[in-house]
Amino acid sequence: MRIHLQNPDNDPLFDFSRAMWEAAAARSPDIGPDQDVSIGVTPADFVAAMRHAEALVCDASVIKALFPCPAPNLKLIFLTNAGLDKLAPFDWLPPGVVLMNNRGAHATKSGEFAIMSILMLANRIPAMVTNQRHGTWRKLWGSALGGRHLTVVGLGTLGGATAEQAARFGMRVTGVRAHPVPHPACEQVIGTEAIEEALPDSDFLVLACPLTEATRGLMNRRRLECLPSGAGLVNIGRGELLDQDALCDLLDQEHLSGAVLDVFTPEPIPPGHRLWSTRNLIISPHTSADDPATYNPHSLDIFLENLRAWRDGRPLPNRFDIARGY
């Protein structure tokens with residue numbers, strides 16, 4: 001198969017290289033070495049490769065910048081992003097071409113980031129940072145995680161890894177998902193429509209679900225107010241899951257003890273936005289799930305796993321369902 005890897009023009013930490021492809025091919029000797037692979041950087045590289053490419057591997061920024069384009073032989077597009085909501089409504093996708101994401105590449109890093117954030121909240125680190133910023137000496141006492149209640153919204157790659165990390169610390173974990181299938185790291189799993197049942201007893205809330213029409217604005221002001229006094233919140237999903245103004249109000253009022261946010265509306269956060277000055281809030285600039293040292297190698301392994309399934313006539317594990325949004 002003729003495969004083209006297109007690098008973005010503004011993010012060199014996440015560029016593909018020939019050595020990177022060859023290492024991935026060596027890890028999958030039954031499918032990797034026989035492929036005809038090109039690597040591009042410029043728009044001209046992309047246009048030339050698309051005349052013959054049967055599979056494209058790139059990130060969402062490439063699609064936004066360079067599609068639609070003539071691609072008469074294209075069969076597969078593998079995007080090195082898990083959430084593809086910013087590419088909707090998908091009218092750019094050529095008819096008959098299968099779209100995939102890299103679901104699974106973020107598990108280790110996002111799970112570690114989420115449990116780090118929960119530990120920070122449990123130990124009052126956001127409040128300590130606020131006090132430090134204002135030159136205030138005030139003793140704040142933290143607590144251990146064992147026995148405390150965590151609610152995780154979304155149990156895919158991000159949320160599932162978060163639940164597993166929390167369970168190792170002895171936390172009581174409630175999972176929330178569209179279809180409440182049990183999860184081994186959760187004491188209970190409830191449907192999204194029942195989320196308000198879990199919120200009043202939640203010491204910590206982690207948002208880790210994809211952005212769809214069903215989840216947009218899921219944590220509105222009324223639901224945020226259902227959290228008990230002193231609760232903490234982490235968002236590693238999408239900014240649009242959350243009413244940011246309501247969150248800022250509840251932090252300023254000290255109803256919530258702290259928050260760690262990795263995603264925002266808009267991104268980047270504009271200068272002067274209230275998020276920059278809200279008390280007890282830690283900002284991570286959309287970096288929670290990506291490790292430059294491992295991100296592309298993991299993505300290529302996932303791509304080759306899907307290419308193997310394509311060759312064998314099996315369902316593709318990472319096929320993106322446009323109707324569901326994930």
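Those helices (runs of 4 or more DSSP H) of the range 38-137 in which at least 3 residues are in the same structural domain as S229 (by TED's automatic domain parsing), considering only elements entirely within it, cover 107-122, 125-133.
Okay, residues lined up against (1) among the hydrophobic types (A, V, I, L, M, F, W, C); (2) surrounded by fewer than 17 Cβ atoms within 10 Å (Cβ to Cβ):
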position	(1), (2)
D34	no, yes
F46	yes, no
A49	yes, no
H52	no, yes
A65	yes, yes
L74	yes, no
W92	yes, yes
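Of the residues making up the range 1-52, those that are within 19 Å of R308 (Cβ to Cβ) and of a type in the set (A, V, I, L, M) are M1, I3, L5, M20, A23, A24, A25, A26, I31, V37.
You will find that of A107, A71, A23, the residue that is within 26 Å of D321 (Cα to Cα) and within 26 Å of the chain's Cα centre (by Cα) is A107 and no other.
The values are calculated or read from the model by the stated rules, or taken from the named source; none is laboratory data. No experiment lies behind these values; they were computed from the predicted model shown. Positions of Cβ are backbone-derived with ideal geometry, glycine not excepted, and every protein chain shown enters the neighbour counts.
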